[in-house]
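What follows is a short report on a single structure.
The values are calculated or read from the model by the stated rules, or taken from the named source; none is laboratory data. For clarity, every value in this text was computed on a predicted model and none was experimentally measured. A quick note on method: Cβ atoms are made from the backbone with ideal geometry, for glycine too, and the neighbour counts reach across all protein chains shown. These area figures cover heavy atoms from the full protein model, side chains too; ligands, DNA and RNA do not enter into them. Shrake-Rupley method; radii C 1.70, N 1.55, O 1.52, S 1.80 Å.
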Amino acid sequence: MKKSLTLTTAFISAVLSFSFVSCDSLTQAGTSQKDKAPSQEQNTEEFQTFNYDENGEIIMNTNGYAEWAGVRHSSYGDFGYRHDSSDPSDMKEYVDAMKSFYKKNKTASATGALIWIVGEVASGKKASCRLNFPEPDGIEIPDGLIFSDEDNNEEFLTVFDNAGYDVWLQVEPGFVDLEKLASLVMTKYRNHKCVKGFGIDTEWYKNITDGNDGTPLDDLTAQKVDAAVKKVNPAYSVFAKHWDTKFLPPNYRGKNNDMIFVTDSQYFESLEEMKEHYSGWANHYAPNPVFFQIGYYAREGAYDEEPGSDEKIWKSFDKPLKNFGTEILKSLPENGQKRGIIWVDFSFLDAYDLSR
């Protein structure tokens with residue numbers, strides 16, 4: 001069960017009072033010295049977690065600005081079984097709706113974005129990740145993969161190219177070698193200008209069992225994956241996703257400080273608890289970009305008809321695709337950190353109907 005991030009009491013107090021907290025004081029334990037990547041120089045001197053006005057008040061993101069706005073796409077969400085996912089024009093309609101609801105500054109709309117899942121966890125004895133495209137020629141194939149007969153991405157990515165979106169290709173890797181898997185995926189789709197990087201859902205890293213939390217992604221592995229991705233294209237970035245910072249690299253932040261940290265937390269009890277989590281997440285990883293994957297139902301059972309805890313919160317907003325995400329963004333300081341709102345595809349169509 002995905003729970004909201006548990007932060008230390010001191011950290012939550014610091015976030016709520018908007019006092020400065022250094023990244024060093026929030027580093028998570030659990031990675032041995034031999035697994036740590038070489039020390040990384042962070043450009044933190046020029047970045048302030050909080051900026052202040054002439055009255056000494058923290059400048060907040062009162063306009064709800066976001067660099068990116070979009071959706072997650074998987075075979076098991078709305079677009080997989082509730083909707084015809086074979087029509088790229090529908091996906092364009094949905095992403096265009098999301099980007100229209102957000103601005104990155106006073107004059108520019110947010111960039112349309114997608115977390116596009118190309119590899120889902122498999123429970124076979126010899127394979128733990130199923131890719132949604134055929135086995136490519138001329139690329140090293142790591143053990144543990146299952147390939148599809150048809151490519152489920154090309155047609156969509158071509159539409160996204162023309163639309164000017166930013167797309168990260170995500171995997172649920174299971175026990176497959178991450179470095180080789182990243183190289184395979186990014187090489188396969190490097191001809192698409194919309195593709196901006198590679199994503200890792202660490203809930204499914206060295207794990208194929210629902211209910212387990214996954215395996216922490218250590219610094220050295222993150223660095224190797226980042227290097228493999230940038231070998232294909234130096235402009236590519238990597239994101240790592242979990243609801244708990246202990247499962248994400250404690251120190252590594254990307255060769256160019258461009259690693260993105262995604263939270264998919266759910267089961268919140270209140271809007272205020274949500275704001276605490278997202279504020280804590282953003283401040284913990286600043287100045288690196290962050291994505292908030294939001295819009296979960298968070299029901300107790302998969303077939304429970306009672307509204308879930310998160311669902312009650314976002315459905316309390318008029319036009320939730322716009323106003324719920326904006327409320328979260330307004331609770332963050334305005335400091336130049338890039339942030340993205342990604343609506344999960346379990347509830348997107350429901351929220352979309354409520355937002356038109």
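Using the structure shown, decide if Ile146 is open to solvent by 10 Å² or more (accessible area, probe 1.4 Å), touching a residue at least 24 places away in the same chain (Cβ under 8 Å), within 30 Å of Thr221 (Cα to Cα) and touching a Leu at 6+ places or on another chain (Cβ under 6 Å). It is false that Ile146 is open to solvent by 10 Å² or more (accessible area, probe 1.4 Å), touching a residue at least 24 places away in the same chain (Cβ under 8 Å), within 30 Å of Thr221 (Cα to Cα) and touching a Leu at 6+ places or on another chain (Cβ under 6 Å). In the stretch 275-298 there is at least one residue matching the filter, namely being of a type in the set (D, E, K, R) and within 26 Å of Met60 (Cα to Cα). Scanning the stretch 219-235 for residues that are of a type outside the set (A, V, I, L, M) and farther than 12 Å from Asn257 by Cα, we see that the one that is most open to solvent (accessible area, probe 1.4 Å) is Lys231. In the set Glu327, Glu273, only one residue is part of a helix (DSSP H, G or I) and either under 27 Å from Ala235 (Cα atoms) or touching a Ser or Thr at 6+ places or on another chain (Cβ under 8 Å) (or both); that residue is Glu273. The residues of the stretch 118-131 that are surrounded by 23 or more Cβ atoms within 10 Å (Cβ to Cβ) and either farther than 24 Å from Thr187 by Cβ or out of contact with any Pro (no Cβ under 9 Å at 6 or more places or on another chain) (or both), listed by number, are Val118, Leu131. In this structure, Asp264 does not satisfy being without any contact (Cβ under 8 Å) to a residue 24 or more places away in the chain, surrounded by fewer than 24 Cβ atoms within 10 Å (Cβ to Cβ) and over 25 Å from Glu135 (Cα atoms). Scanning the stretch 167-184 for residues that are open to solvent by 30 Å² or more (accessible area, probe 1.4 Å) and in contact (Cβ under 8 Å) with a residue 40 or more places away in the chain yields a count of 4. The single condition among (1) out of contact with any Phe, Trp or Tyr (no Cβ under 7 Å at 6 or more places or on another chain); (2) under 18 Å from Thr62 (Cα atoms); (3) of a type outside the set (S, T, N, Q); (4) modelled with pLDDT of 95 or more that Lys312 does not meet is (2).
Name the single residue, out of those in the stretch 190-218 being charged (D, E, K, R) and open to solvent by 50 Å² or more (accessible area, probe 1.4 Å), that is modelled with the lowest pLDDT. Out of the qualifying residues, it is Asp210.
If you go through the stretch 299-310 one residue at a time, do you hit one that is in contact (Cβ under 8 Å) with a residue 12 or more places away in the chain, open to solvent by 10 Å² or more (accessible area, probe 1.4 Å) and over 23 Å from Ser75 (Cα atoms)? Yes, the stretch 299-310 contains a residue that is in contact (Cβ under 8 Å) with a residue 12 or more places away in the chain, open to solvent by 10 Å² or more (accessible area, probe 1.4 Å) and over 23 Å from Ser75 (Cα atoms).
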